[in-house]
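Notes to accompany the following structure.
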Amino acid sequence: MDTSQLLKGILDLAVLAVLAEEDGYGYDVVRRLRAAGLEEVGDASVYGTLRRLFQQGRVTSYVVPSEEGPHRKYYGLNRSGRDLLAEATKQWDAFTEAMDALLKAKEAAA
Amino acid sequence: MSASVADTQVRTYLDAVKAHLDDLPDADRDELLEDLEEHLLEVAAEDDGTLEQRLGPPESYAEELRASAGLPSREQMLARRPAQRVADRLARSTAWRAVARMNESPIPREVHGFLKELGPGWWVLRGYLAVAVTAMITSGNRRDNFPFPRIAGSYFTGSVLTILAVVVSVWLGRRVRRGRKGRAYSILLSVAVAAGTLAAMGGWETGYTDAYYDTPSPIEAAPYLHHADGNPIANVCPYSSDGKLLSGVLLFDQGGRAIVDTARVTLPDGRPVERSQPAILNAYPQALFTLNDIGQPVPLTCPPSIGAPAGPAPAPSPGG
């Protein structure tokens, strides 16, 4: 199956989880997602997701000047973002549990 | 890769992405582009193939960015435009023809004809008014919704809905004129929009009075937060029990609905009190300011601490 399709649905959760560890700028979030094993995550998708979460008031942002190159815009979770992460984590757990059971049942039948 | 080659590559890629976002409203586009240069420079610095090899063609980068940011695709945006162009052209050309024909035909037939020619213009106006008046009436706030209606707190949604409503209204009008079904709907829509416009215009005057002269108005007519005696509440200053000013306090009503409808007021000398658009609408206290004589913002802050609880006496506790 095309992993990128699966990724689309869970990118919000993945980005929130990364930011919950530590604030980060766009490319830093991309790197950390890849390091966590989500290799196929698209650069543009991560930047767009950060932008949307900011628009929705889930993350705050601040600019950190950089010596070489343009300034970096850091994003961090606010209260509302942490609430969303907690909520989405619950949904994810319920979802994976259901999927696991479904796939195991199929295995047992085979 | 040498620095100058990388720079040229970044510039070319950046321009191509920009071009692919040029149909978006300026604010949306600028926001998407904010982080882009930093991103491209970082990727280019990695020495791991060209930008296109790493990120794919700029067009698909732009599409991915729009989709994940929750904005319509370029295709969707461009598809909207012709519909609006057709509506505009229809209104212009028929009005022009009406004037032209007025010169050559007998008057009674022409009055009828003229009204008929005005139809398309009314269809366009009807679509716009349907959205604008709905926004004014539901929000109870006319100034924020004229001339551009704001739906669900967003001018973008408002504009999209306006365009859709105009298209639907023109479609309905043309359909009825061609003798198909839908006449009842068309009349109903016209009457509803006309009545809504009258209602919104009637409320206009009181709305202005409230906003500019700060007159306490009957409670049921005040479309914003106010005390029981009718005095408007422009800001909420929350304090901890030891009297220190809190910041970023989120307020909700008993049903979990965010409290955001603070009043617009003026200072005693008549200067309007402005508010900067907060990132979180129901976080208090809000940042209020007014402009001094030379147009500089002067913040109107809550007192940093309070000595004693406000009001005559603390309410007795339910247990005591």
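The values are calculated or read from the model by the stated rules, or taken from the named source; none is laboratory data. Note that the structure is a prediction, hence the values are computed from the model and not measured. Backbone-built Cβ (ideal geometry, glycine too); neighbour counts: all protein chains shown. These area figures cover heavy atoms from the full protein model, side chains too; ligands, DNA and RNA do not enter into them. Shrake-Rupley method; radii C 1.70, N 1.55, O 1.52, S 1.80 Å.
One table, with the values for the structure above:
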quantity: Charge-dipole axis of the range A:1-104 as Lys and Arg at +1 and Asp and Glu at -1 on Cβ define it, positive-most pick from A:LEU13, A:LEU38, A:THR96; calculated: A:LEU13
quantity: Straight-distance crosslink candidates among aspartates and glutamates, where the alpha carbon sits under 15 Å from A:LYS90 and sequence neighbours closer than 8 are dropped; calculated: A:ASP12
quantity: Buried area at the A-B interface (accessible, heavy atoms, 1.4 Å probe, summed, Å²); calculated: 1800
quantity: Amide proton proximity set for B:VAL236, modelled H, under 5 Å, gap of 5+; calculated: B:GLN286
quantity: Cα gyration tensor shape for the range A:63-106, rounded if a/c is under 1.5, else prolate or oblate; calculated: oblate
quantity: Amide proton proximity set for A:ARG72, modelled H, under 5 Å, gap of 5+; calculated: A:VAL64, A:SER66
quantity: Partner lysines for B:LYS18 [C-alpha distance under 26 Å; skip if fewer than 8 residues away on the same chain]; calculated: A:LYS8, A:LYS73
quantity: Whole-Hz ³J(HN,Hα) from phi, Karplus 6.51 cos²θ - 1.76 cosθ + 1.60, for the range B:182-195, glycine and proline x; calculated: x, 4, 4, 4, 4, 5, 4, 5, 4, 5, 4, 5, 4, 5
quantity: Gyration tensor verdict on chain A (Cα atoms; rounded if a/c is under 1.5, prolate if a/b is larger than b/c, oblate otherwise); calculated: prolate
